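Below is one structure, written out as C-alpha cells; the observations come after it.
The values are calculated or read from the model by the stated rules, or taken from the named source; none is laboratory data. Just so you know, these numbers come straight off a predicted model, no measurement behind them. Cβ atoms come from the backbone with ideal geometry, glycine included; neighbour counts cover every protein chain shown.
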Amino acid sequence: MSLKNFNPTTPSQRELVIVDRSDLWKGKPVKALTEGKKKSSGRDNYGHITSRHKGGGHKRRYRVIDFKRNKFDIEGKVERIEYDPNRSANIALITYTDNTQSYILAPQRLEIGSKIISGEKVEPLPGNAMPIKNIPVGTIIHNIELKPGRGGQLARAAGTHVQLVGKDGGYALVRLRSGEVRMIRGECMATVGAVSNPDHQNTNTGKAGRSRWLGRRPHVRGVAMNPVDHPLGGGEGKTSGGRHPCSPWGQKAKGLKTRNNKSSDKYIVTTRHKSKRT
C-alpha cells in the first residue's frame with residue numbers, strides 16, 4: 001500500500017496525504033463477526049468528561065478480532081484484507097478448514113490466498129502464531145500476550161513490531177519499539193511478522209473537518225484560556241505561559257515520571273529511558 005497525494009484544487013487538498021486503499025475489500029464486513037459500538041464521547045457513567053477531545057465522528061461497527069489465536073493446528077486461508085475504522089492496522093478475514101471464519105490483524109506481506117496456522121511448533125512465516133518460547137531468536141513478531149490465554153496486547157498498531165532478542169529460564173526477552181527490553185512468559189502467544197499499514201504514520205489529515213469525522217474534537221491550548229480554566233491562562237496580550245507546561249489540573253508535561261506499577265517492574269530488563277541514552 002502506498003500514499004496518495006492530491007492536486008491542490010482546494011486548500012485542504014493541497015496538504016491531504018492518505019493511504020491508498022484501492023487494494024482493500026470494498027464491501028461490508030461479515031455481519032456475524034461484527035457488533036454494535038456505542039460512543040462514550042469521553043464521558044464516564046456520571047456523564048463527566050474523563051477523556052478530553054473526543055466526540056462525534058462517523059458511526060462504526062466493531063469488528064471482533066481474534067487476538068488469542070488459540071485455534072491450534074487448523075489451517076486457515078486469507079479470504080480478503082479489509083479496512084477497520086476502529087484501528088490503524090488493516091484486518092484479514094480468515095476461513096479455516098473447519099468452515100469457521102475470524103478476523104485477525106493483517107501482518108505485512110500477507111496476501112489474499114495465503115495460508116496461516118497456529119500451533120505449538122509451526123513455521124515462522126508471516127501470520128503464523130505460536131508460543132513465544134518456540135519462535136527463533138531474532139524474529140520480528142507482533143500481537144504478543146502478556147499473560148497466557150489473555151490475548152495479544154503488545155504491538156497491535158499499524159506498522160509496529162517487536163524483536164525477540166533472547167530466552168532465559170522460561171522467559172523470552174523482547175525489545176519493544178520504545179527501546180525497552182522486557183521479559184515475557186514463554187507460554188504467551190505471539191504472531192510472526194510486523195503489523196500492516198506502515199504508511200499510516202505518514203498521513204496528513206489536511207483539514208479540521210476530517211479530524212471531526214474521526215471523532216476528534218478541537219484541542220485548545222492552555223495559554224489561550226482564562227485563568228479560571230487553566231494554570232497557563234490569562235495575562236495581558238499573548239503570553240507564553242510563564243511556568244512549566246502542564247495539564248489543566250497542574251500535572252507537569254514534558255517528561256514527568258508518573259509510572260507507578262511496582263508489580264511489573266521486575267519484568268523490565270532495560271527501561272526505554274536508558275536505551276535512549278546509550
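The set of residues in the stretch 64-89 that are closer than 28 Å to residue 120 by Cβ and among the charged types (D, E, K, R) comprises 66, 68, 69, 71, 73, 75, 77, 79. Restricting attention to the stretch 73-94, the residues that are exposed (fewer than 15 other Cβ atoms within 10 Å of the Cβ) and either in contact with an Asp or Glu (Cβ under 7 Å, 6 or more places away or on another chain) or of a type in the set (Val, Ile, Thr) (or both) total 1. Counting the residues of the stretch 109-123 that are out of contact with any Phe, Trp or Tyr (no Cβ under 9 Å at 6 or more places or on another chain), part of a strand (DSSP E or B) and not charged (D, E, K, R) gives 1. Does the stretch 189-238 hold any residues that are part of a strand (DSSP E or B) and either in contact with a Ser or Thr (Cβ under 8 Å, 6 or more places away or on another chain) or over 30 Å from residue 170 (Cα atoms) (or both), and which are they? The answer is 189, 192, 195, 204, 216. Kindly check whether there is at least one residue in the stretch 94-104 that is acidic (Asp, Glu) and either under 16 Å from the mean Cα position of the chain (by Cα) or under 26 Å from residue 199 (Cβ atoms) (or both). The answer is no; no qualifying residue exists.
Considering 241, 255, which residue is closer than 30 Å to residue 176 by Cβ, modelled with pLDDT under 90 and in a loop (DSSP other than H, G, I, E, B)? Of 241, 255, the one residue that is closer than 30 Å to residue 176 by Cβ, modelled with pLDDT under 90 and in a loop (DSSP other than H, G, I, E, B) is 255.
Within the stretch 229-278, the set of residues being loosely packed, with under 10 Cβ neighbours inside 10 Å, within 30 Å of residue 53 (Cα to Cα) and β-branched (Val, Ile, Thr) comprises 258 only.
Scan the stretch 77-89 for residues that are in a strand (DSSP E or B) and under 17 Å from residue 142 (Cβ atoms) and jot them down. Those that are in a strand (DSSP E or B) and under 17 Å from residue 142 (Cβ atoms): 78, 81.
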